[in-house]
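Values in this text are rule-based calculations from the coordinates and carry no lab data. Values in this document were obtained by computation on a predicted structure and should not be read as measured data. As a convention, Cβ positions derive from the backbone with ideal geometry for all residues, glycine included, and neighbour counts pool all protein chains shown.
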């Protein structure tokens, strides 16, 4: 689907109103993007060092590859509209893994 420039701007504004408060992620937006980062395989790693792209017999699975690429594409589209850079994306380690409080996350934002 190709969007006109005005539709692209409208869509970008809509994503930013959902996820951002000014130039900063809303706490809810961070939670959703952290979840999507994990689910959409945008962590830069594979599950337990095992690739999802191969079946149990070691054969490449085209369907699994297409499925994972589709998930990743959704995450990448959201990130594009939010205008986030790689540093911000890498900071989206799941909140459960980091275990930071809202105050600690705010301090982390100040230190970056």
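Taking 0.36 nm per residue of sequence separation and subtracting the Cα-Cα distance, how much length would be gained by fully extending the chain between residue 64 and residue 90, in nm to one decimal? Full extension from residue 64 to residue 90 adds 6.9 nm.
Counting other Cβ atoms within 10 Å as a rough exposure proxy, the listed residues 71, 59, 91 run 59, 71, 91 from fewest neighbours to most. Extending 7 Å from the Cα toward the beta-carbon at both residue 57 and residue 16 defines two label points whose distance is 5.2 nm.
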